[in-house]
Amino acid sequence: MMKNQKQLLYLVLSLITLVAGYAYLRYAYKVTDSTPFTQEIVLIILGTVATIFITALLLNQQTAVEIEKEQSIKFLELKAGTYEKLLDLMEDMSLVDNFGNKELTHLQFITHRLAIVASADVLNEYQNFLKVISQISTDHSFSGDADTLSKALGALTVQIRQDLIGGQSTGYTNSQIRNIIANNSKESQLIRNR
């Protein structure tokens, strides 16, 4: 709200300056009516002032757009980095021989980091993932539950992907992405059984 008030104030001041400047230059143009050379100088000044004013307005708008773009890029980088750390941590924890309350608590604390950058859909899916983890880790390992874990992680990954790319289309539907993740899960299971 404060930003809008500041912009409104600048707009009002700019309009007052423009009207006052125009009135003064119009008066100067009328006063110099008898000397055409002086009239041309006044017109040059009027043209220069108008050009400077328009250029300043355009540069101000361009700067605001560039700042917003940089902030969006930095936020996207922070979001991608946070998701990357989350997936790395999950990978490390899935390789732990004895998965206990300590690891589960660690995963629950990640919710606070995610709350900074993640969308509501990612947070909801992460909560579902935590429920699955707590259910399948009652025996302190993930052996035999790899398929359930992979499905929960796949659903979370789909939400993370949608959050990162936003409304952009990449040529894959959600069902195709889920199938790719499911096929990867099946291949991983076959490799483990060998």
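The values are calculated or read from the model by the stated rules, or taken from the named source; none is laboratory data. None of these values were measured; they are calculated from a predicted model. Reconstructed Cβ throughout: ideal geometry from the backbone, glycine too, with neighbour counts over all protein chains shown.
Looking at T38, T48, T82 in this structure, which one is of a type outside the set (A, V, I, L, M, F, W, C), surrounded by 13 or more Cβ atoms within 10 Å (Cβ to Cβ) and either more than 21 Å from L123 (Cα to Cα) or touching a Gly at 6+ places or on another chain (Cβ under 9 Å) (or both)?
T38
Okay, residues lined up against (1) at pLDDT 85 or above; (2) under 30 Å from S14 (Cβ atoms):
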residue	(1), (2)
A56	no, yes
N60	no, yes
E84	yes, no
D92	no, no
F99	no, no
N124	yes, no
Q127	yes, no
K131	yes, no
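Any idea which of L76, L107 is outside the structural domain of G166 (by TED's automatic domain parsing) and either part of a helix (DSSP H, G or I) or exposed (fewer than 12 other Cβ atoms within 10 Å of the Cβ) (or both)?
That would be L76, the only listed residue that is outside the structural domain of G166 (by TED's automatic domain parsing) and either part of a helix (DSSP H, G or I) or exposed (fewer than 12 other Cβ atoms within 10 Å of the Cβ) (or both).
Working carefully through the options D97, D121, find the one that is among the acidic types (D, E) and in a helix (DSSP H, G or I).
The match here is D121.
Assess whether V31 counts as being over 25 Å from the mean Cα position of the chain (by Cα) and exposed (fewer than 14 other Cβ atoms within 10 Å of the Cβ).
When the stated conditions are applied, V31 passes them.
For Y24, indicate whether it is of a type in the set (S, T, Y), surrounded by 10 or more Cβ atoms within 10 Å (Cβ to Cβ) and free of Cβ contacts under 8 Å to residues at least 24 places away in the same chain.
Values: of a type in the set (S, T, Y): yes; surrounded by 10 or more Cβ atoms within 10 Å (Cβ to Cβ): yes; free of Cβ contacts under 8 Å to residues at least 24 places away in the same chain: yes.
Against the criterion (of a type in the set (S, T, Y), surrounded by 10 or more Cβ atoms within 10 Å (Cβ to Cβ) and free of Cβ contacts under 8 Å to residues at least 24 places away in the same chain), Y24 qualifies.
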